[in-house]
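Peer 1: Take a look at the following structure, please.
The values are calculated or read from the model by the stated rules, or taken from the named source; none is laboratory data. Computed from a prediction, not measured in an experiment: that's the story for all the values here. Quick reminder, even Gly has a Cβ in these numbers, built from the backbone with ideal geometry, and neighbours come from all protein chains shown.
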Amino acid sequence: MRAALLGGALAAAAGALCAQQLRLVLPAGATRGTTATFRCYGAELEDTVSVIWMREGLEVVGLSEHKKDRVHVEVRIPEDAELGVYPFALHTKRGITRVKFVRVGALPSVAEAKTHGTKETAQKLELDCTVDGRVLAEDVDWYAFDAQKGQAIRIEAVGVRLGLYDLDLQLEVFGPDGEMVLRADESSIGRADPCAALRVEQDGTYHIALRDVAYRGSSYGAYRLHIGTFPRPTGLLPSGGRPGETIEAQLLGDLEPATVKLTLPDRVGVHEVFPVVDGKAVPTPVRVVVDERDNFCEGAAPEQPPAAPCAFHGVLAEAGETDSHTFSAKKGARVEIRALARALLSPLDPVLVVLDEKGKALTSNDDGLGLDGRVRFTPPADGSYRVTVHDHLRRGGADMFYRIEVGAIPGISGTAEAVPGRRSEDLGLCVPQGGRNATIIQTSGIDARHGVTLDWTSLPQGVHARPLKVPNGGIVPLVLEAQRDAPISSALASPEVTAETEPKERSAQHLHRYPTLRVRNNVAYETRALRAMPVAVTEPAALSVAATEPKVPLVRSGTMTLPVRIERADKFDGTVTIRAMWLPSGVSGTTLTLPKGKSEGVLTLNANSGATVARAPVVLSASYAAGSVRRAVSSEPFYLDVQEPWITAKLPRAKMEQGQKATFAIELERKREFEGKVEVELGRMPKGVAYEAPAIAADTTELPIALTAAADAHVGRHRSIYLRLILTTPHGVISHAVGGGELRVDRPLPPELRGDGAASNTDKGPR
Amino acid sequence: MKTGITLWCALALTPSLAVAQGGLTAYPATVTLDSGLDAHRVVVVASDAQGITVDVTSTAEVSFSASGVAEWREGRLVPVGDGEVFARIRHGGHGAEVKVTVRGAEDEPPVSFRNDVVPVLTRAGCNGGACHGAASGKNGFGLTLFGYDPARDLRALSRDYRGRRLDCAAPEESLMLTKPTGEVKHKGGKRFEREGEMWQTLRAWIAAGATDDGDAVPTLVGLKVEPEELVLAGPGQRSPLVVTATYSDGSLRDVTELSLMSSSNPTSAAVEGGVVESAARGEAFVMARFGYLTEVAQVIVLPNADAWSPPEMDRRNEIDELVQQKLVKLRLAPAAPCDDATYLRRVYIDVIGQLPPPDAVRAFLADEAEDKRARVVEDLLKRPEFPDVWAMTWAEVLRIEPQNLEQKGVHIFTRWLREALRDGAPMDEVVRRMLTSNGSAFQVPEVNYWATATNPKVLAENAAQTFLGIRLQCAQCHNHPFERWRMDDYYGFAAFFAQIGRKNGDTPRESIVYDRSSGDIRNERNNAVAKPTFLGGDVPEIAGDVDRRKVLAEWLTSAKNPWFAKNIANRVWARFFGRGLVHPVDDVRVSNPPSHPVLHRRLGEKLAASGFDVRELIREICASATYQSAQHPGEAASATYAGMTPRRLSAEQLLDAIGQVTEVPTKFRGVPLGQSAVQVVDPDGGNRFLDLFGRPDRDSVCTCERREEPTLNQILHLINGGTIEAKVRSGESRLARLLKAESSPDAILDELFLAAYARAPRSDERERVLRSIAEAGDDPRGAWEDVLWAMFNSKEFLFQH
């Protein structure tokens, strides 16, 4: 809600961090044990200095082709590099780009031929390779391969999963006789990406036609086509285990049944793994869940119902099948049960039902977690409970696997970047040499009452953070300063929290989810998580910005002016836009534009009547155009104190006639003691009505304001009269506004009606 | 070529032709007189040996098999005493009988609100759509359209407007009487006379307390307009009709004067005061509406009463037999058979939407085998273009377009249709699969059917119109004005679609359709939950967990369904003749009867008997002499099928044909070069030519969206538009190829004529063209382009003939 409220104010800042654009990476992947050159296309890339890898394992050995729209990155991929996706951003002297990806595979990479748009010109492939190609608009890419009868061939295309374009690939395979032997379109493992398995029935040359199903290709329509005899399961049974555990898992959904031994990662979470069968790894990963639960597979239930936390694994092989698992739970201990299927790339759309010992359904859920199910329930008694799962459309299949997790409701604790109005894929922070910049961090699970301070580690050399206490609401700026001589470098920073109640520092988890691709209506197609904050040092900024911390509070329904000044570097005379990067709920601020020649100005902050009463750190952001890139710096953090009004007032509903005098009697109440004088102003008074307010002393509670209406004063009912109370204290001015006043100005009665009492009964208001 | 004639010549004549044997018929054959006030008119028709009918009611002699039961008075039977008697009618040596049953001859029953008052309001036009039957009423007084909700009408009359519309103490002063008689200013004018029959009915009802008789009176169950068929010779012939209503208690009532009557073709037969008057030669259907029912009588008007003997007709199958029966009635001789070239071009365009290539024309013309026409049809049915054409045709009425479907949905749904048709999937199965589909619209192509609309009412309307040819829309708000469909029918049918569940899939663009097994739709007439009811009134028993759509699909696609097979067959028929036996094909209603009812029924039966194999029906149509006839030399209406009616090529056919003749294919937006206009799945293909020539946007399921009427823009585009110019001038064209190969002018001309017209040029055409080419000198390209351009603008090219 807060982000939404402030989104408008800061929307213009959104562009500031993505002026350097990385839109396309070709090829989209390479083979391990090779050195590959990735052509990165985008905008403002000519001063690229490095690559910020979000995952370790690859090494940049050279940058070349420094042009505005491209840079070539030469990468050495070690023989033992982990398979999978390597997200990265480009670091230029002026900023950082959004994240794109390269994929490291085990199969040799083949470049797409220049002309292979017809069956006759199909590009011949050897089996067990990965083609890096592109589907342009209205394009059909043809490939050919030889196969022998009985061979099991798998073909998988990775298009939309590359996060470059909303490609919806379909592939058709034609046999030696020209007949289509299979068509693949959607797949559970690749969503819109096709995945096919083919048992060859006759020797000969087979052809593949690959295209967007609606011919909507693009110059961004890169794909990787894996073809070969590798295993292609859609999932594992069981699809999870304990950290570091070695499990024996069945491969599900492949042409040939297989079992693999798999050592699970050490870290808790959902992981992508690459099972290997007969020395051949799957081309794209399957997913497993690693946590501390006990795992039970279908058909191997323990004698006693296991207690939570536990997990059950199974497959709904037959249409209409319902699987049932029993667990024990204690009365009153709230339990969360999750049926994971789509999250693990299973085609199943699970429906969960929880039943008691007598078979009475207690609760059920279909789509609590996307298409997966989640229920939370409180067991009414100690005992065993049953959880059943079936497919929503009552389908069944050898690959329709699931994992049911039973356990306590998980708490969430950590940080994420949350600049209002900025897209979540515009992540990371650029700090100019000798300057300062900030971003906004949303914390969760960190209780401000414990006096938690948030600091950051693993920052680039010469950069340090300003530790700040996390206020109520959990939103705190991250302010980084770089020394003048800090090298232009980058790092992945991590949060660190210190509680006043705890003597030692402890690390917090940074988890920032961002979409890899947006499709129609800017909806995220798929999201990935980043567990660190990319920070990059950039060349010096052309200015610095500073504001004086207000010494007085901003009160609800009040206004405050905030003097701001900038210091321009030599020769910089451009326009600077300044705004608060984030303001507490209920507080809004103006945007200040300092044109050429100006270095000072005032921001106005307004608090509405429901503004959050708190003391919160605030930073100002100043942005300017540096050529075609917009750069930003921030002020030092300062605290904004939002308080209840110091004085309250009650405005009357009064009436008067043209040419008459009247009194507008206001009741005042001092809510707290303070030094200083109070002045009042009436706002939105009708034209032709003058007022005179008496002096206000410390004990004034009644404030009769004398009104004088001119003979032509504006007749009518004026309902928006408000009172401005200006408190001038030794530390500054606190401005209150109190609404609710009303003044009715009437025309005088005709002389013949005056004094006979007719007016009292025939008052029809203004005429 | 005339095989099979003998089989069908032996067929018995249809019952309607029995009248042609000559004789006397009295209508109705049975009359009940149910009170002392009752009367029933009788129409007596004499027919001669030619089948021409003449009204002889006024001159017929009437006697009774027994006395004291009924009397004949001014063309009506009136009661005398209870009993049963036969009225014996004689004229010109022929006789007929009417069975009369009199009950309650002494009774004078009170006026019924439902059975007497509401019909008067309908007859007087009070509750018509233009008057108080409008949705918002008129001048503060609203009645239900044609009295579909009498209870609400009674409220409007007796309660609304502070009850001032009725005055039971002084009935004559009631606004209900003074307004329509014009005694009080009435914007709707004078509707009936004071003291007239309608006035008396209303007055008596008001005087009796203006009460509703609710369920106490029998309800209307049937309607008949007689004679069902009139054959009038020459203009100015008058022949009365009698409209008989049947009620739930078995009583019959003469409602001729209370019925609303209209003619489908007033230039041939007008109807006024229940009497048909003939005019120009032709055929008309006279519709009579009473209560919620509508029925029609057929009127054939011949030019004169001269004797006519039908010429020998080429009959190859049952289609010819049934078409020619009508021709005989209309005294029309069918057109001569078309020549081979015409047939080949016709059958290519109709079956696969393409012109025959010159080689195919040459081969066909040179072929002397008897069965070559059947063989070419057989070959075309196997061509990949055949499913393309039919997939496009169905995609139009299924509304496969990217506004409601995703682009992907458009592609995969169309492909599914195409492959189903290619593989010969029976049409009933195709429809069943669509109607019962569940799952992701990206994984199960036919699920996209449910993306074409989401509102259950719209889905019901669309399904009825697309698969049954029935337009139900009117009955959403009131009883259908020209059909029997009532609001109860509408909501009962819509209830089949009330439990469709939808949810988002894994990706933002994907949606999943499933059966919710819960959810209802309420009848807006009475706010009651509508029970799933088949059209026609049968209410199936559906268990709670059974998908209602499955039950619907079984009924809808059953061979016994009275509309489904006929509708599919009629759509196929329309493609080959340019008009349906019911026309438009998606407007089946009593008031729009088929031009050939028996043929309509038989085509449906044939389709069902063949396992809904459309190809089988196409074979039979293409084999018929009716399809193989040339254009009719006279002015025979297209609905008679006396000859082939020329029709402009459709937008896609035309553009593809121009591309074929020039050998310059059209590039459509979003698809690779090489796809024909028929194959383009997106109706918004960004092609101006297709838009101009009427390619539908697929905004509705109505076939009327395909615009076939000519426009000035079309003509201008053909004369100097970019489409033809670009193709004619292209350096990659057929012309360029022929010129480059230095073909002789004769050969080039032959090739162009064969490609465009599927025939060789006539000698006069050859002489004119070659002269102009010769005049062009050394660079004849421009002259050839002019020739080609002129050919594209010729009717012979633009029309299917």
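Peer 1: Tell me the strands (runs of 3 or more DSSP E) entirely within the stretch A:195-267 that contain at least 1 residues that are under 30 Å from A:Cys310 (Cα atoms).
Peer 2: A:235-237, A:246-252, A:258-263
Peer 1: Within the stretch A:516-525, take every residue that is within 12 Å of B:Arg509 (Cα to Cα) and surrounded by 12 or more Cβ atoms within 10 Å (Cβ to Cβ) and give me the one that is nearest to the other protein chains (Cβ to nearest Cβ).
Peer 2: A:Val523
Peer 1: I need a count of the residues in the stretch B:161-174 that are over 16 Å from B:Phe113 (Cβ atoms) and in contact (Cβ under 8 Å) with a residue 12 or more places away in the chain.
Peer 2: So the count comes out to 3.
Peer 1: Also, quick follow-up: Among the residues of the stretch A:459-468, which ones are part of a strand (DSSP E or B) and either surrounded by 21 or more Cβ atoms within 10 Å (Cβ to Cβ) or within 23 Å of the chain's Cα centre (by Cα) (or both)?
Peer 2: Within the stretch A:459-468, A:Val463, A:Ala465, A:Leu468 meet the criteria.
Peer 1: Hey, another quick one. May I ask you to say which residue of B:Arg203, B:Arg191 is surrounded by fewer than 21 Cβ atoms within 10 Å (Cβ to Cβ), among the basic types (Lys, Arg), touching a Pro at 6+ places or on another chain (Cβ under 7 Å) and assigned to a loop (DSSP other than H, G, I, E, B)?
Peer 2: None of the other options fit; the residue is B:Arg191.
Peer 1: Further, regarding this structure: Mind checking whether some residue in the stretch A:220-242 is touching a residue at least 12 places away in the same chain (Cβ under 8 Å), within 12 Å of another protein chain (Cβ to nearest Cβ), surrounded by 24 or more Cβ atoms within 10 Å (Cβ to Cβ) and of a type outside the set (A, V, I, L, M, F, W, C)?
Peer 2: Checked against the condition, which is being touching a residue at least 12 places away in the same chain (Cβ under 8 Å), within 12 Å of another protein chain (Cβ to nearest Cβ), surrounded by 24 or more Cβ atoms within 10 Å (Cβ to Cβ) and of a type outside the set (A, V, I, L, M, F, W, C), the stretch A:220-242 yields no hits at all.
Peer 1: On to the next question. Return the only residue of A:Arg154, A:Arg183 being within 14 Å of another protein chain (Cβ to nearest Cβ) and either in a strand (DSSP E or B) or surrounded by 24 or more Cβ atoms within 10 Å (Cβ to Cβ) (or both).
Peer 2: A:Arg183
Peer 1: Let me ask something else. If you scan the stretch B:508-545, which residues turn out to be under 23 Å from B:Ala441 (Cβ atoms) and without any contact (Cβ under 8 Å) to a residue 60 or more places away in the chain?
Peer 2: Scanning the stretch B:508-545 gives B:Pro508, B:Arg516, B:Ser517, B:Ser518, B:Gly519.
Peer 1: While we're looking at this one, here's another question. Looking at the stretch A:1-31, which of its residues are part of a loop (DSSP other than H, G, I, E, B), at pLDDT below 95 and crowded, with 18+ Cβ neighbours inside 10 Å?
Peer 2: Correct list: A:Ala19, A:Gln20.
Peer 1: A further question follows. For the stretch B:239-261, indicate whether the set of residues that are surrounded by fewer than 20 Cβ atoms within 10 Å (Cβ to Cβ) and more than 29 Å from B:Leu37 (Cβ to Cβ) is non-empty. Step through it out loud before you land on a result.
Peer 2: As a first pass, look at the stretch B:239-261 and keep what is surrounded by fewer than 20 Cβ atoms within 10 Å (Cβ to Cβ): B:246-251, B:257, B:260.
Within this subset, residues satisfying the condition of being more than 29 Å from B:Leu37 (Cβ to Cβ) are none.
Among the residues of the stretch B:239-261, not one is surrounded by fewer than 20 Cβ atoms within 10 Å (Cβ to Cβ) and more than 29 Å from B:Leu37 (Cβ to Cβ), which makes the answer no.
Peer 1: If you take just the strands (runs of 3 or more DSSP E) that sit entirely in the stretch B:31-121, which of them hold at least 1 residues that are among the polar types (S, T, N, Q) and farther than 18 Å from B:Leu258 by Cβ?
Peer 2: So the answer is B:43-47, B:53-55, B:61-64, B:94-102.
Peer 1: Out of everything in the stretch A:187-212 that is at pLDDT below 95 and in contact with a helix residue (DSSP H, G or I) (Cβ under 9 Å, 6 or more places away or on another chain), what residue ends up being farthest from the other protein chains (Cβ to nearest Cβ)?
Peer 2: Filtering first and then ranking leaves A:Gly190.
Peer 1: What pairs come out if I take residues in the stretch B:615-636 that are without any contact (Cβ under 8 Å) to a residue 24 or more places away in the chain and pair them with residues that are part of a helix (DSSP H, G or I) whose C-beta lies under 9 Å away, six or more apart or interchain?
Peer 2: B:Glu616/B:Lys606; B:Glu616/B:Leu607; B:Glu616/B:Ala609
Peer 1: Continuing with the same structure: Would you mind stating whether A:Leu90 is touching a residue at least 60 places away in the same chain (Cβ under 8 Å), assigned to a loop (DSSP other than H, G, I, E, B) and either within 19 Å of A:Thr35 (Cα to Cα) or within 23 Å of the chain's Cα centre (by Cα) (or both)?
Peer 2: Considered against the rule, which asks whether it is touching a residue at least 60 places away in the same chain (Cβ under 8 Å), assigned to a loop (DSSP other than H, G, I, E, B) and either within 19 Å of A:Thr35 (Cα to Cα) or within 23 Å of the chain's Cα centre (by Cα) (or both), A:Leu90 comes out as no.
Peer 1: Are any residues in the stretch B:423-458 within 14 Å of chain A (Cβ to nearest Cβ) and aliphatic (A, V, I, L, M), and if so, which ones?
Peer 2: Within the stretch B:423-458, B:Ala441, B:Val444, B:Val447 meet the criteria.
Peer 1: A further question on this structure: Which residues, counting only those in the stretch B:504-547, are part of a loop (DSSP other than H, G, I, E, B) and β-branched (Val, Ile, Thr)?
Peer 2: Correct list: B:Thr507, B:Ile521, B:Thr533, B:Val539, B:Ile542, B:Val546.
Peer 1: Among the listed residues A:Arg684, A:Arg653, A:Arg631, which satisfies the condition of being within 23 Å of A:Val618 (Cβ to Cβ) and under 52 Å from the mean Cα position of the chain (by Cα)? Please lay out each step first, then the result.
Peer 2: Values: A:Arg684 fails: within 23 Å of A:Val618 (Cβ to Cβ); A:Arg653 fails: within 23 Å of A:Val618 (Cβ to Cβ).
Just a single option satisfies the conditions, and that option is A:Arg631.
Peer 1: On the basis of being away from chain A (no Cβ under 14 Å), outside any helix (DSSP H, G or I) and either crowded, with 24+ Cβ neighbours inside 10 Å or in contact with a Lys or Arg (Cβ under 9 Å, 6 or more places away or on another chain) (or both), does B:Gln324 make the cut?
Peer 2: The answer is no for B:Gln324.
Peer 1: Further question: Could you tell me whether the stretch B:559-567 includes any residue that is out of contact with any helix residue (DSSP H, G or I) (no Cβ under 8 Å at 6 or more places or on another chain), surrounded by fewer than 21 Cβ atoms within 10 Å (Cβ to Cβ) and within 14 Å of chain A (Cβ to nearest Cβ)?
Peer 2: Among the residues of the stretch B:559-567, not one is out of contact with any helix residue (DSSP H, G or I) (no Cβ under 8 Å at 6 or more places or on another chain), surrounded by fewer than 21 Cβ atoms within 10 Å (Cβ to Cβ) and within 14 Å of chain A (Cβ to nearest Cβ), which makes the answer no.
Peer 1: Considering each residue of the stretch A:123-151, count those that are within 28 Å of A:Phe88 (Cβ to Cβ), within 14 Å of chain B (Cβ to nearest Cβ), in contact with a strand residue (DSSP E or B) (Cβ under 9 Å, 6 or more places away or on another chain) and not in a strand (DSSP E or B), and give that number.
Peer 2: Total satisfying the criteria: 2.
Peer 1: Can we say B:Leu293 is within 23 Å of the chain's Cα centre (by Cα) and either closer than 19 Å to B:Ser638 by Cα or touching a residue at least 24 places away in the same chain (Cβ under 8 Å) (or both)? Step through it out loud before you land on a result.
Peer 2: Working: within 23 Å of the chain's Cα centre (by Cα): yes; either closer than 19 Å to B:Ser638 by Cα or touching a residue at least 24 places away in the same chain (Cβ under 8 Å) (or both): yes.
Answer is yes for this residue.
Peer 1: Suppose we filter the stretch B:576-604 for residues that are touching a residue at least 24 places away in the same chain (Cβ under 8 Å), more than 23 Å from B:Glu378 (Cβ to Cβ) and either of a type in the set (A, V, I, L, M) or in a helix (DSSP H, G or I) (or both); how many remain?
Peer 2: 9
Peer 1: Suppose we filter the stretch B:734-766 for residues that are hydroxyl-bearing (Ser, Thr, Tyr), over 18 Å from B:Pro356 (Cβ atoms) and outside any loop (DSSP other than H, G, I, E, B); how many remain?
Peer 2: 1
Peer 1: Oh, and also: Return the residues of the stretch B:412-422 that are more than 14 Å from chain A (Cβ to nearest Cβ) and out of contact with any Phe, Trp or Tyr (no Cβ under 9 Å at 6 or more places or on another chain); say none if nothing qualifies.
Peer 2: B:Ala420
Peer 1: To continue, here is another question. Could we say that A:Gly178 is within 14 Å of chain B (Cβ to nearest Cβ), surrounded by fewer than 17 Cβ atoms within 10 Å (Cβ to Cβ) and assigned to a loop (DSSP other than H, G, I, E, B) here?
Peer 2: Here the answer is yes, as A:Gly178 does meet what is asked.
Peer 1: Another question, then. What's the number of the condition B:Ala216 fails, among (1) under 23 Å from B:Tyr292 (Cβ atoms); (2) at pLDDT 90 or above?
Peer 2: (2)
Peer 1: For residues that are touching a Ser or Thr at 6+ places or on another chain (Cβ under 7 Å) and not hydrophobic (A, V, I, L, M, F, W, C), scanning just the stretch B:333-356, find the one that is farthest from B:Pro384 (Cα to Cα).
Peer 2: B:Pro334
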